[in-house]
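The values are calculated or read from the model by the stated rules, or taken from the named source; none is laboratory data. Everything numeric here is computed off the predicted structure, so don't read it as measured data. Ideal geometry is used to build each Cβ from the backbone, glycine not excepted, and the neighbour counts take in all protein chains shown.
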Amino acid sequence: MAKLAKERAMSVARLSCAAKFFAWPTVKIVGAGLLVCLGPAGGAIAAGTGNIIISNEKSSTLTVLGANDTVVKTIETCARPRGMHFSADRTQFYVGCADDDQIAIYDMESLELVGRILDVEEPETFDLHPDGRRLVISNEEDATATVFDVVEREFLAEFETGEEPEGVQITPDGKLAFVASEAANLVHVIDLEKGEVIKDILVDTRPRRFALTPDGRELWVTAELAGIVNIIDLKTLKLIADIAFLPTGFRKEQVTPVDVLITRDGQRAYVALGRANHVAVVDVPKRKVIDYILVGKRSWGLALTADEKKLYVANGLSDDVTILDTASLKPIKSVPVGMVPYGILIDDH
Amino acid sequence: MIIEGAVLRRLLPAGLGILFFAVLAQPDRALAAGEAKPFAFLYVSLAGDADYAQSKGYTGLVLRDRKPPIDGAASAIRESRIIGRSAGVKFTLEHVELATAEDAADQVASHIAKTAAKAVLLDLPLAPFRAVAGRFSDSNNVIFFNIRHRDDVLRQSECAASLFHVLPSNRMLTDALAQYLKSRGWKRVLVLAREAEDDQNLADRFTASANKFGLTIADRRAFVPGNDPRERDKNNVTLLTGGARYDVIFLADGEGEFGRYVPYATFRPRLVVGTDGLVASAWHWTWERYGAPQLNQRFDRRASRHMSAEDWAGWVAVRSVVEAVTRSASTDIATIGKTLTAADFAVDLYKGVPGGFRPWNHQLRQPILLHTYNAVIARAPIEGFLHKDNILDSLGIDQDESACRLDRKTP
């Protein structure tokens, strides 16, 4: 997810790529992939469990993939799990359950449920503030974005949004939160210090998810029904460009982009094209599509491994996850998961 | 940030943890004066409208219980609060109920003057509907929406520049069914139609659709509800469905009292489509793709019932205008009319493909749902059917065949 890319960018200090690299034996180095971080092999930092968690919206389960991307566990969870996020120290993860109005907290190591944040109206997605405490959540049926303290598990604040708020993105400095309203075609800009919505940016039809460029200049937002990505300039909070997608053999109306993420070096973006059953690979500085990769049906959720060599794609209507090699831009394999997979977390650093 | 009862209840226990102050949002997109421009919708219905009378079977069974779709329009108004905040426009909905169908046009005119309404949703029976649409056909400061009638003639010889149709026409619905039958290979169709004018018209529409998509009408038979043994060839389902070779039955019975006894009572084991069995509609409450569950739940929470096709029509009429106001940054009706029929206009229909209005007859382009009583089986246009300009125009009377060419009129 976009959030992961950003989170990783924020936690470079904690991250030792080389250590990660060698600590995870399943990584295949294919071609001359971009080695983004060549830190010293400190080895002191925990490398994560290597587990990959997938939320399955319709079967209300979490699928856990282990080494070799095989299913090692399926966890019954609360009803209609969708958005997920790591805790600040990555020892826990949060799962938003829309039909149970709660956010479940799991321990990363044991995969046990360790807590719940209750009375969260239909959570869809969320982002964690850099302070590690404030979770900004989109409440789909309530037309609000709410803020909860994940430590005290308490409600803090509520902001009115358009109908069907979806993607949430907090800036790395923690000052602004962006919330996309699918039905209102608006991106709400919340000033978290002032505690108010400072702007509603009109974008194209059905805005869904966000990605920030690592230089902090651009906010990318997918417009699902328009079949494009809108690019917002973060200084002026105005639309500055669009990127349109159209894989060969598809009609415009089948192109319904949802998840988007940008690599740490800010060179490449991946966009899940929904009903067009492809992931678009975009040259970020040139704002040009480089390639389209065939995946499963209705691809929505995306996640990159820490070394950015593998991309995981959740295919909502074929109940599987496609794993792509980002150097060759070819699928490696597909893994059947639960019904209607939605989000992906990769615990590899 | 809003502070309402529910929020306060949550804030108080968390009092010490409050990190934010409640300040009313003042987005900079709002009008310079800070005062939101008003934009009023008027919803017009008729007192004692027979269409909303409960239709009872002789045992007291209520088989039809239609509710006026004002809840759909009200839902859309509620959804538009934040969009209005952003655009600097306050959208409101006024409901007037005409006491009588006589002089409906005069009554509507006086209500428009009273409420300063710019958009009118007409929920009237056909005769007063025609009177109102006729009176205001050249209106350029009020826009009218047909949220009730499927008759093709309203979109053809009786079309008007000021009138927009959000419900699909009968021909769009029968085209959707014909595409589906063709795609399944059910090519020979037995048509059963009640002798009433409406049902005969519907059967005619289906026949045209069958010709368009290459189906064969195996036979067309008229039925008469009843038990008269002298007319048993017209009221006995087994006899009505025997003696012909067909793959599927198209049933035209708007009243439904006869039609509900047709499935499972046919001479041959064949499926029924049309007004029973597999039905084509603008909307169905079990539709679960493209965000539909969210819309259905929002509506259900508000109206405590399932969203009907008419409710959806009321909803989409308001949403279309709101979208046009937002995109054109104008509340001027001439501008809104132009925006609605522009090639790039897109309103989210929750049916996977954005909608727009056909410039030649002001009909909303939209996918059609083919559903049983409890499941959506398919969405038309069916995969494989193509069109030179817009795939949605494979449904309904196309531009070249249209008797209505509003796009040719000079402004």
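Some notes on this structure:
- Residues in region A:220-256 that are out of contact with any strand residue (DSSP E or B) (no Cβ under 9 Å at 6 or more places or on another chain) and under 16 Å from A:K297 (Cα atoms): 3 in all.
- Hits in region B:34-48 (condition: surrounded by 10 or more Cβ atoms within 10 Å (Cβ to Cβ) and in contact with a strand residue (DSSP E or B) (Cβ under 8 Å, 6 or more places away or on another chain)): B:A36, B:K37, B:P38, B:F39, B:A40, B:F41, B:L42, B:Y43, B:V44, B:S45, B:L46
- For region A:67-76, the criterion of a residue being in a loop (DSSP other than H, G, I, E, B) and at pLDDT 95 or above is satisfied by at least one position.
- Evaluation of A:P130 against the conditions (1) more than 17 Å from the chain's Cα centre (by Cα); (2) over 20 Å from A:Y342 (Cβ atoms); (3) surrounded by fewer than 19 Cβ atoms within 10 Å (Cβ to Cβ) shows that the sole unmet condition is (1).
- Checking region A:18-33 against the condition returns no match, with no residue being more than 17 Å from the chain's Cα centre (by Cα), surrounded by 19 or more Cβ atoms within 10 Å (Cβ to Cβ) and modelled with pLDDT of 50 or more.
- Selected residue (criterion: nearest to the other protein chains (Cβ to nearest Cβ)) from residues of region A:237-259 that are of a type in the set (G, A, S) and under 23 Å from the mean Cα position of the chain (by Cα): A:A244
- The sole residue among B:L215, B:L167, B:L126, B:L154 that is touching a residue at least 40 places away in the same chain (Cβ under 8 Å) and either out of contact with any Pro (no Cβ under 8 Å at 6 or more places or on another chain) or among the β-branched types (V, I, T) (or both) is B:L167.
- Among the residues listed as B:A161, B:A196, the single one being over 21 Å from B:R270 (Cα atoms) and without any contact (Cβ under 8 Å) to a residue 60 or more places away in the chain: B:A196
- Within region A:126-162, the set of residues being facing chain B (nearest Cβ under 8 Å), within 23 Å of A:T91 (Cα to Cα) and either without any contact (Cβ under 8 Å) to a residue 24 or more places away in the chain or not basic (K, R) (or both) comprises A:V147, A:D149, A:E152, A:E154, A:F155.
- Among residues of region A:266-314, those that are under 17 Å from the mean Cα position of the chain (by Cα) and surrounded by fewer than 20 Cβ atoms within 10 Å (Cβ to Cβ), counted: 3
- Helices (runs of 4 or more DSSP H) contained in region B:61-115 and holding at least 3 residues within 14 Å of chain A (Cβ to nearest Cβ), out of contact with any helix residue (DSSP H, G or I) (no Cβ under 8 Å at 6 or more places or on another chain) and more than 30 Å from B:F258 (Cα to Cα): B:81-87
- Residues in region B:347-359 that are assigned to a loop (DSSP other than H, G, I, E, B) and either closer than 15 Å to B:W287 by Cβ or modelled with pLDDT of 95 or more (or both): 9 in all.
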